[in-house]
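The values are calculated or read from the model by the stated rules, or taken from the named source; none is laboratory data. The shown structure was predicted, so the numbers you read here are calculated from the model rather than taken from an experiment. A quick note on method: Cβ atoms are made from the backbone with ideal geometry, for glycine too, and the neighbour counts reach across all protein chains shown.
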């Protein structure tokens with residue numbers, strides 16, 4: 001059984017007619033979807049082939065920028081953001097699912113996430129995804145504690 005089959009019961013990941021993995025939001029209440037996202041993240045933590053994408057960090061003038069390099073085929077479950085976050089897709093093609101919906105976005109996309117948002121991403125191409133947060137902190141440990149929460153951090157898989 002692959003990851004798609006394992007999480008299919010939670011209506012998060014499915015296969016389209018071509019057999020490609022896709023993210024799917026079935027219109028359930030946000031609280032229900034949040035629980036499904038949580039279960040997906042917990043399930044992914046049990047898998048032996050987990051990996052974290054390459055991440056670059058920049059801190060300057062009250063801003064923290066996190067740039068994730070996400071390989072094609074990667075499924076990610078991010079941390080819950082505690083603060084507003086600007087999201088930028090600098091390159092690639094990715095579907096992003098939250099408790100309120102699902103949207104496929106590509107290079108040039110910009111958007112805002114509200115506090116409390118947790119994202120699931122499925123990269124259809126190699127993708128560069130940037131998060132920008134306001135912070136007066138300067139150490140990555142302090143910034144991480146201020147902007148996000150998760151029991152074991154974000155997680156990802158490379159083999160969908």
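The table below lists the values:
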read-out	value
Set 105, 55: member being surrounded by 17 or more Cβ atoms within 10 Å (Cβ to Cβ) and without any contact (Cβ under 8 Å) to a residue 24 or more places away in the chain	105
Filter pass, residue 133 being touching a helix residue (DSSP H, G or I) at 6+ places or on another chain (Cβ under 6 Å) and either within 17 Å of residue 64 (Cβ to Cβ) or at pLDDT 95 or above (or both)	yes
Condition broken by residue 30, with the remaining ones in (1) under 26 Å from residue 86 (Cα atoms); (2) in contact with a strand residue (DSSP E or B) (Cβ under 7 Å, 6 or more places away or on another chain); (3) exposed (fewer than 14 other Cβ atoms within 10 Å of the Cβ); (4) in contact (Cβ under 8 Å) with a residue 12 or more places away in the chain satisfied	(2)
Candidates 17, 42, 35 - the one that is under 23 Å from residue 104 (Cβ atoms) and at pLDDT 80 or above	17
Filter result for the condition that a residue is assigned to a strand (DSSP E or B), in contact with a strand residue (DSSP E or B) (Cβ under 8 Å, 6 or more places away or on another chain), within 20 Å of residue 22 (Cα to Cα) and touching a residue at least 40 places away in the same chain (Cβ under 8 Å), over 132, 89	89
Any hit, the stretch 76-86, residues being touching a strand residue (DSSP E or B) at 6+ places or on another chain (Cβ under 9 Å) and more than 20 Å from residue 133 (Cα to Cα)	no
Candidates 73, 108 - the one that is farther than 15 Å from residue 40 by Cβ, modelled with pLDDT of 95 or more and either in contact with a helix residue (DSSP H, G or I) (Cβ under 6 Å, 6 or more places away or on another chain) or not in a strand (DSSP E or B) (or both)	108
Residue match in the stretch 67-83 (condition: under 30 Å from residue 27 (Cβ atoms), under 13 Å from the mean Cα position of the chain (by Cα) and free of Cβ contacts under 8 Å to residues at least 12 places away in the same chain)	no
